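FYI, it's all coordinate maths here, none of it is from the lab. Predicted model only: the values in this text are computed from it and were never measured. Here the Cβ positions follow ideal geometry from the backbone for every residue, glycine too, while neighbour counts run over all protein chains shown.
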């Protein structure tokens, strides 16, 4: 590990550690040449299986970010490699992740969520507009930093890939359980810009309801099921973003942004809702006329890299600042993609 006060590459003075994950440590450092602060991410070779694969992923990530310039993306300053470590010097983003904000506040204000959603749409539209398009593939609250001024930044491009037609091996099996689109589990076609739209929908759902998609019942319910005061327009936007079939989702981030921008004022009051029909149904109650729940057939794909072989947990990850990698084993995600709108069509006058 780097030591406090250590001078890296004759330029970056390590001030203190600000974060640590399974494979990396992040430090705050002062640039002695430019008299400003940067974040330094250190990945050590020691203890990492097949470091060459990890290193190649880091090189891909940094090279990608170096050529991107957007106010909602971090800026890469420098990359330093030596025999025992890989260092990435990048913009220091002051603030907290939306994951941490959710942990402290629960459901967040709808007006804030809509504003952040528009910003995320803007950066996704920028990424998808690159040539070739860049698919982010791991949008979730943990990868969104909230700055003191109220704007958001999308971080951690470890799973991002350039979209290449027909290259399915490079565009599946990576993401975070609960947020990942059905096609990311394999067997349902190539992931593309609409994959990011699905992840965006799940993220908006969690931000506005406080409900973690990585926990039971693993469903994206209509948001007004949790809080009837929320906007019906936002509810429909989230439901459309999270359709199982990519063809039924919004086809671009710009479309989602336009839809979010058209939402009028809506209340954000807290609503405590008593257990009702859906709760009874999801907890095991049975009606007389239940409609079958559509479920995708998820065909497991063999792990492509060693670091993908991890225990299947809700929101598996290397660490708080690391990217989660899906482990496409049998039964993964079954029920996570149930369309709850079909459940809502069940006749509720039946005794449960």
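Can you give the extra length, in nm with one decimal, that the chain gains between residue 94 and residue 1 once fully stretched, where that is 0.36 nm per residue apart less the Cα-Cα distance? Present the calculation step by step, with values, prior to reporting the outcome.
Values: separation 93, 0.36 × 93 = 33.48 nm, distance 2.25 nm.
Stretched out fully, the residue 94 to residue 1 stretch lengthens by 31.2 nm.
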Take peptides 144-151, 234-241 and line them up by average Cβ neighbours within 10 Å, highest first, as a rough protection proxy. 234-241, 144-151
For the pair residue 131 and residue 35, the simple spin-label estimate (label points 7 Å beyond Cα toward Cβ) gives in nm 4.2
Label point distance in nm, residue 162-residue 18, each placed 7 Å from Cα along Cα→Cβ: 3.0
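Express the relative contact order of region 1-156 as a whole percentage, based on alpha carbon pairs under 8 Å and six or more residues apart in sequence.
Details: 229 pairs, mean separation 26.9, N = 156.
Once normalised by length, the contact order is 17 percent.
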Subtract the Cα-Cα distance of residue 70 and residue 44 from 0.36 nm times their separation in residues, and report this length gain in nm to one decimal. 6.4 nm
